[in-house]
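Report on one structure; see the data block that follows.
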């Protein structure tokens, strides 16, 4: 039975490389028209998942369908329906931007005329018109990524896979990519996005699957995941340890858990609930005790906190190891 | 569209992409023609004086050998190019497209064949300058060039397997040199195989590179009237032997290369 409302279904995927288990029973469901963020450190199995779902790699156990088609049995038909943009911006340096896209169009068998028109259209959409007829060699990192993404869109795929689309980009280019991707998914494309940037998943994905050691260890919206870790916190910095003790006493009525002090004794973290009202209340209490506050703010947990809580290690811990 | 026609069509798209690279990065073709020119000059003027081929001028003898060596080296571009494409993720992109599985390999080997044609033209001119002459009919000479290119094309498919396995152009170059130097030197390319000691002589007699060299020598009319008729079948019928090698290479390498391509992923 094919479930058309589900663009991607993976059940119990296992992939081994010798004794290394890259995927260890991964389950994933992505409804049509939504964005799923696959979040995890290097080596967690993100890229392996994308490779299995895009027919580049055959899994050892389990079952996966994309757009209702089996990734192994219907691989050929499936390739017509998907777009993939990988980690490395797989564009040909010696071809121009136009030639790159035209080549991809021809290989999707769009025909000469349609392929050229589509290439020009995409170059315009991704703000590459000026550079269209220059070899990619001279492109910036951000331009290459945009071109690579355009390549994935040539055949108007119903399901799009982006494997770490902003890894290695400078902050400005990253913001640019985010805008492009946001615009794209606003148009209704189903997207599976992998990232090691928690901020990126938060910003782009409807739902986030946190993966570690080849398994999904948590699934939900960014807010749901943050709630798993705990609610809001009031964070404040004072100028002395003495003030910190006073502040701790003053804020005790607002705390819903234990108030933490940092090592220097100048910074307090107070678990609270109630949003901005609590912040105002807290400031009043501190003011009435004449405690001088250097900095105060209400903070929701970041996905970094989520990751640390869920996996017991920080998201960046495995940085520097070889990619999956 | 039949599967075969589609594979050829897709292969043409890939070949065009590779040929654009030759145009945009002319250094590649410059250096891949400079090294054979260097070989011609080195052997003609440096070693030529000490290698005596009774009955004929060494340069006449040498050229077919250098042609054979050069086209075999030209065939290694296939492996290096594929390894480079894997490393850059281009193969991942190709493999995610609904194109024929063999198309990238067909395109690659075809464009490398074009590269070899350019190199052969440049080398022929160099050879003519240092005193090499063709003594056969134009048709035979053309058959000689065609045979060299056909042989190189078949070798290309073997190089493709290695390139897809090692996945790094640097590793590929080191690996292919280890195979190619003995193949092109323990042969009749630069010396007469009859002058080699025991086991090396046997190796040289059955070495595919010897077959294509002897075939080219024969078709260019650069044979030595004084040298004895070789006592092995392979060198008595070099043209046929070369064609047999080509067929065997293609039958073995093409399916293996396609299989390796299906498994190839970037790291």
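Against chain A, whose longest principal axis comes from its Cα atoms, helix A:171-186 is set at around 70 degrees.
Note down, for the protein assembly as shown, the three equivalent ellipsoid semi-axes (square root of 5 times each alpha carbon gyration tensor eigenvalue), biggest first, whole angstrom.
Each semi-axis is the square root of five times an eigenvalue, giving 64, 25, 22 Å.
Each of A:49, A:167 was scored by other Cβ atoms within 10 Å of its Cβ. Arranged with the fewest first, they read A:167, A:49.
How many Cβ atoms of partner chains, on average, are near each residue of B:7-17 if near means within 10 Å of its Cβ?
Per-residue shielding by partner chains comes out at 3.
The long axis of helix A:112-125 is offset from the longest Cα principal axis of chain A by roughly 20 degrees. Principal-axis analysis of the Cα atoms of chain B puts helix B:138-166 at an angle of about 50° to the longest axis.
For a test of the definition: using alpha carbon positions, the gyration tensor, and the 1.5 limit on a/c, classify the stretch B:100-238 as rounded, prolate or oblate. Because a/c hits 1.5 or more and a/b fails to exceed b/c, the stretch B:100-238 counts as oblate.
Rounded, prolate or oblate: which one fits the stretch A:3-94, using the alpha carbon gyration tensor with axes a ≥ b ≥ c (rounded when a/c is under 1.5, else prolate when a/b beats b/c, else oblate)? Cα axes put the stretch A:3-94 in the rounded bin. The overall shape of chain B, judged from the alpha-carbon gyration tensor, is prolate: a/c is not under 1.5, and a/b is greater than b/c.
Which percentage, to the nearest 5, of the DSSP beta bridges contained in chain A is antiparallel?
65
Per-residue ellipticity at 222 nm from helix content only, as computed over chain B with -39500 (n - 2.57) for each DSSP H run of at least four residues, stands at -25500 deg cm²/dmol.
So for each of A:94-100, A:250-256 I average, over its residues, the number of other beta carbons within 10 Å; can you give me the resulting order with the highest mean first?
Taking the mean over residues of other Cβ atoms within 10 Å, the ranking is A:94-100, A:250-256.
Within the listed set A:152, A:241, A:114, the Gaussian network model of chain A (springs between alpha-carbon atoms below 10 Å) gives the highest mean-square fluctuation for A:241. Helix content alone sets the calculated 222 nm mean residue ellipticity of chain A: runs of n ≥ 4 DSSP H residues at -39500 (n - 2.57) each, divided across all residues, give -10500 deg cm²/dmol. A crude spin-label estimate for the pair residue A:19 and residue B:121, with each label 7 Å from Cα along the Cβ direction, gives 5.7 nm.
Per-residue Cβ counts within 10 Å, from other chains only, averaged over A:102-109: what number is that?
Partner Cβ neighbours, averaged per residue: 6.
When a footprinting reagent is the concern and you count Cβ atoms within 10 Å, what order do B:219, B:150, A:198, B:42 take, fewest first?
Neighbour counts put them in this order, fewest first: B:42, B:150, A:198, B:219.
With the simple spin-label model, which puts each label point 7 Å out from Cα in the Cβ direction, the residue A:252 to residue A:239 separation comes to 2.5 nm.
Residue exposure proxy: A:234, A:246, ordered by other Cβ atoms within 10 angstrom of their Cβ from fewest to most, comes out as A:246, A:234.
Values quoted throughout were computed directly from the atomic coordinates according to the rules given, and no laboratory measurement underlies them. On a predicted model such as this, the values are computed, not experimentally measured, just so you know. For neighbour counting, all protein chains shown are included, and Cβ atoms are generated from backbone atoms with ideal geometry for every residue, glycine included.
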